[in-house]
Amino acid sequence: MKVKQSKGDLIFTICNTVFMIFLILITAYPMYYVLCASFSNNTALVAHPGITLWPKGFTTGAYQLAFRHPLILSGFKNSILILLFGLPINIILTLFGAYFLASKNMLFKKVIAFFMMFTMFFSGGLIPMYLNQRSLGLYNNLAALIIPGAVNMFNVIICKTAIENIPDSLIESAYIDGANDIIVLFRIIAPLIMPSIAVVLLYYAVGHWNNWFSASIFIENNKLLPIQNILRSMLIMNQEALGGGQLSSSGDKFDSYAETIKYAAIIITTIPILCIYPFLQRFFVKGIAVGAVKG
C-alpha cells in the first residue's frame, strides 16, 4: 500500500536525500582522491593541486616502487601474525570476562567487576607500562603488541549485555544435561551472540591493524614493525623508512615518486580492512543493538 506524502513530508524527504548524498560525497571523496593520486604522475599531481576526479598521467610506478620497499612485506607479515595470534586471545578472554559479569551468584563478583571497570577510566601510564614490558621480557617482541591489549572492557560489556539477553532457562537446561561452564559458553552462548562477537572481532581487528603507537614504543627491530609503522615513516619522512636504505638503485627514481608513493602506501595498507568489513557488515547493526540494550 502506497502512502501519500504531504507537501511537508515530500520537502523533508528531498532535503534529507540531498543532504545524505552530500555527506556521502564529502566522506568518500578523500579516499577517492588518494586512489587517484596513487595512480598519478608525481610531477603532474604536484603541478595541479586541488580537486582531482581522475589520475593525472596514469602510472603504476608508485605501487611498483612501494612493493620494492624492503620493509613492506615484513610489515604485512607482522601485522597478519598479530591478527592471527591476537584475535583468538581477544575473543576468548572477552567471552570469559563477559560470561563472568553476566553470571549470577559468582563469588566476589562485585569486587572483581569493580576492578575490571576501573581499568576503563584509569591506567598506570606510559612509563610504568614500558618498564613492565621490559621486566616481563616483552620488549622488542610482537607479544608486546598483543598481550597488553588482550581485553577491552568496552567489548566485554557489549558481549555481557548480549549474554544477559539469553533466557536463563536455556542455560539452566544445559547444566541439567551435564554441561559445564566451558561447554555452556562456547557451544550454547557463543553461537547465540554471534552478531555481537562479529562486531567485537571487527573492533579488535581494526585496532590491531591501525595500531602504530605501541610498536613505536616497544619494538626496536625494524623487521618486527607492523605495516602501519612503515606507512607512517613513509608519510612523515618522505623517504625510505627506517635506516636510509635505497628503494632502488637510484635515489632519483624514488624522488620522481616522492609524493605519489605515499598515496600508494595508504591504499596498500587500507585495502585489507576494506576487504574484511563487507563480510562482517551484516552483523554490525544487529550486534551493536543486541549488545547495547538489555531487553
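Compared with the dominant Cα axis of the chain, that is its longest principal axis, helix 126-135 is turned about 80°.
What is the angle, in °, between the Cα long axis of helix 7-38 and the longest principal axis of the Cα atoms in the chain? Nearest 10 is fine, range 0 to 90. Around 60 degrees separate the two axes.
Can you tell me the dipole magnitude for the chain around its Cα centre, using point charges on the Cβ only (Lys, Arg +1; Asp, Glu -1), in Debye to the nearest 20?
Working: 19 positive and 11 negative charges, 92 e Å.
In debye, rounded to 20, the chain gives about 440.
For the range 76-83, backbone phi angles converted through the Karplus equation (6.51, -1.76, 1.60; θ = phi - 60°) give residue-by-residue couplings of 4, 4, 5, 5, 5, 4, 4, 5 Hz, Gly and Pro being listed as x. Relative to the current alpha-carbon distance between LEU25 and PHE108, full extension at 0.36 nm per residue lengthens the span by 24.7 nm. When each of the peptides 132-141, 32-41 is scored by how many other beta carbons lie within 10 Å of its residues on average, the order from highest to lowest is 32-41, 132-141. Say R0 is 41 Å: what FRET efficiency, to the nearest 0.05, do ILE51 and THR13 get from their beta-carbon distance? Between ILE51 and THR13 the formula returns 0.90. Working note: Karplus 6.51/-1.76/1.60 with θ = phi - 60° gives the range 262-267 the couplings 5, 5, 4, 5, 4, 5 Hz, where Gly and Pro are set to x. Overall shape: oblate for the chain, with the ratio a/c of the largest to smallest alpha carbon gyration tensor axis at 1.5 or above and b/c at least equal to a/b. Using a simple spin-label model with pseudo-atoms 7 Å out from Cα toward Cβ, ILE236 and ASN140 lie 2.1 nm apart. Axis angle, to the nearest 10 degrees, between helix 109-118 and the longest C-alpha principal axis of the chain: 20 degrees. Provide the FRET efficiency to the nearest 0.05 for the SER173-PHE67 pair, computing r from the beta carbons and using R0 = 51 Å. The computed FRET efficiency comes out at 0.35. Rounded to the nearest 500, the 222 nm mean residue ellipticity of the chain from helices alone is -21000 deg cm²/dmol, with -39,500 (n - 2.57) taken per DSSP H run of at least 4 residues.
Here the contact order of the range 12-126, divided by its residue count and restricted to Cα pairs under 8 Å and six or more residues apart, works out to 14 percent. The residue list THR27, THR94, PHE39 was ranked by how far each Cα lies along the charge dipole of the chain toward its positive end, using unit charges on Cβ atoms, and THR27 comes out on top.
Every number here is computed from the coordinates shown, using simple stated rules; none is lab data. Just so it is clear, the structure is predicted and the values come from calculations on it, not from any experiment. Glycine also receives a Cβ, built like all others from the backbone with ideal geometry; neighbour counts cover every protein chain displayed.
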